Amino acid sequence: AYVVISFGGFLGLGEEYRTLPWSVLTFDPRAEAYILDLDPERLREAPARSAEGGTPEDESVWEEHVHRYYNTVPYW
């Protein structure tokens, strides 16, 4: 339901993770890649997440938070 991206760090140390709703990405068939049209600062300020994720009890709260941040309609 989501894309998790990592950035920063070096050799896996100090990486930061961000969760993105699929709806903020656009697939470009010519590039055979997904395009994220988002200001880099907005991405840096996005809610951070650990690589392991959260507990199941926290997931619905987290999902609502992510959708509000990116101003997207939840998939449910």
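The values are calculated or read from the model by the stated rules, or taken from the named source; none is laboratory data. As the structure is a prediction and not an experimental result, all values here were calculated from the model. With ideal geometry, Cβ positions are generated from the backbone for all residues, glycine too; neighbour counts draw on all protein chains shown. Ligands, DNA and RNA are excluded from the accessible area calculation, which covers all protein heavy atoms including side chains. Shrake-Rupley method; radii C 1.70, N 1.55, O 1.52, S 1.80 Å.
Within the stretch 7-35, being farther than 19 Å from His65 by Cα and under 14 Å from the mean Cα position of the chain (by Cα) holds for Phe7, Glu15, Thr26, Tyr34, Ile35.
The set of residues from the stretch 1-54 being at pLDDT 90 or above and of a type in the set (Val, Ile, Thr) comprises Val24, Thr26, Ile35. Close Cβ contacts (under 7 Å, 6 or more residues apart or on different chains) running from residues in the stretch 1-21 that are under 19 Å from Trp62 (Cβ atoms) to residues that are surrounded by fewer than 10 Cβ atoms within 10 Å (Cβ to Cβ) comprise Tyr17/Ser50.
If a residue counts only when it is open to solvent by less than 70 Å² (accessible area, probe 1.4 Å) and in contact with a helix residue (DSSP H, G or I) (Cβ under 8 Å, 6 or more places away or on another chain), which strands (runs of 3 or more DSSP E) contained entirely in the chain have at least 2 such residues?
Working: elements: 2-7, 16-21, 25-28, 33-36.
Because the criterion is at least 2 residues that are open to solvent by less than 70 Å² (accessible area, probe 1.4 Å) and in contact with a helix residue (DSSP H, G or I) (Cβ under 8 Å, 6 or more places away or on another chain), the strands (runs of 3 or more DSSP E) in the chain that meet it are 2-7, 16-21.
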